[in-house]
Amino acid sequence: MSIEAAVQERYANAAQQKEESLCCAVEYDARYLEAIPDEIIERDYGCGDPSRHLRPGETVLDLGSGTGKICFIASQVVGPKGKIIGVDMTDGMLALARRAAEEVSSRIGYTNVQFRKGRIQDLALDLEELDAELKGNVIDGLEGYLSAEQAAARLRSSSPMIHDETIDVAVSNCVLNLVDPADKQRMFAELFRVLKTGGRAVISDIVSSDNVPTSLQGDPNLWSGCVSGAMREDKFIRAFADVGFESVRILARDVEPWRTVKGIEFRSLTLEAMKGRGQNSVVKSFMPKRNVGRNSCC
Ligand SMILES: C[S@@+](CC[C@H](N)C(=O)[O-])C[C@H]1O[C@@H](n2cnc3c(N)ncnc32)[C@H](O)[C@@H]1O
């Protein structure tokens, strides 16, 4: 089974039934939780709170939006003049989030959230549009494969799901680690592409204290559980600079590891990376004396 299939299977199940081992005690701003249905709050699979760093009126993209919790909080922070787009590849998660969106809208009195099906390493391709285009076609042999690839390429350029330079803030909560290593560089590049100049990425994720050995990387359970796909902390920070971000600031970092596996520590980190402004340098500002505002988890 591929990494992506293992991740999709795990989160399809986690959409149906709360999975305790994927949950952690993140303290979200209680004011914003009142409008969100319980079944969404219960299925909290994040490891930080990027929504604390948003401002009214912003257009926000949530990478790997899951049940939509961060989108629904962000929706209230940015207000009716802002806009939120959640992207996820798992049907069960999208169905839950879309159902809850109607309830949240009626409670807060406006609608500014949409959920799209896509992969975060390929933000131009709307997988529901591709599905509609391919439905009814016989995909047979090499010719079928190549024509499906051409259909995807056509959609990316004629109706990109997320256009270049249209997003003020890209947020993500415990998702980047889940992406296949072969696709990670592309994922960082996509993140950079969609942000406006002057925009920023605010990312909460799990990072590791050392390189994760291939024996751990081959374990689908540890991978989909946010362990094996974690990048070494310095490499994670460097990956933003490598695709063009100008400055990276650590907003929160757990001192206590969430898990230690084979002597490697896995902990939650939240960082902010700026596009097109700053000092052209990667800033690493640890806060080593305390956990910042939340328990260690994922
Ligand atoms: C650990 S959960 C986090 C969900 C949400 N951000 C939260 O805070 O609860 C990971 C989510 O990312 C989605 N996901 C994983 N890899 C993805 C990818 N490559 N593209 C899009 N979604 C992905 C999964 O379907 C799942 O909903």
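General observations
- Every residue from segment 130-166 that is at pLDDT below 95, among the polar types (S, T, N, Q) and assigned to a helix (DSSP H, G or I): S147
- Of all residues making up segment 1-12, the number that are open to solvent by 60 Å² or more (accessible area, probe 1.4 Å), within 11 Å of the ligand (Cβ to nearest atom) and of a type outside the set (D, E): 1
- Helices (runs of 4 or more DSSP H) fully within segment 19-118 counting 1 or more residues that are open to solvent by 30 Å² or more (accessible area, probe 1.4 Å), touching a residue at least 12 places away in the same chain (Cβ under 8 Å) and of a type in the set (F, W, Y): 30-33
- On the stretch given as segment 112-144, residues that are more than 16 Å from the ligand (Cβ to nearest atom), in the same structural domain as F72 (by TED's automatic domain parsing) and touching a Phe, Trp or Tyr at 6+ places or on another chain (Cβ under 8 Å) total 0.
- Test: residue in segment 171-182 that is under 19 Å from I250 (Cα atoms) and open to solvent by 10 Å² or more (accessible area, probe 1.4 Å): yes
- Every test in (1) in a helix (DSSP H, G or I); (2) in the same structural domain as V227 (by TED's automatic domain parsing); (3) aliphatic (A, V, I, L, M) is passed by V169 save one, and that test is (1).
- Some residue of segment 148-164 being closer than 16 Å to R238 by Cα and more than 13 Å from the ligand (Cβ to nearest atom): no
- Every test in (1) within 11 Å of the ligand (Cβ to nearest atom); (2) among the acidic types (D, E); (3) modelled with pLDDT of 95 or more is passed by E58 save one, and that test is (1).
- Complete set of residues in segment 194-249 that are in a helix (DSSP H, G or I), crowded, with 16+ Cβ neighbours inside 10 Å and hydroxyl-bearing (S, T, Y): S224
The values are calculated or read from the model by the stated rules, or taken from the named source; none is laboratory data. Model, not experiment: these values are computed from the prediction. All Cβ positions, glycine included, derive from the backbone under ideal geometry; neighbour counts span all protein chains shown. For the accessible areas, the whole protein counts, side chains as well, though only heavy atoms, and no ligand, DNA or RNA atoms are used. Shrake-Rupley method; radii C 1.70, N 1.55, O 1.52, S 1.80 Å.
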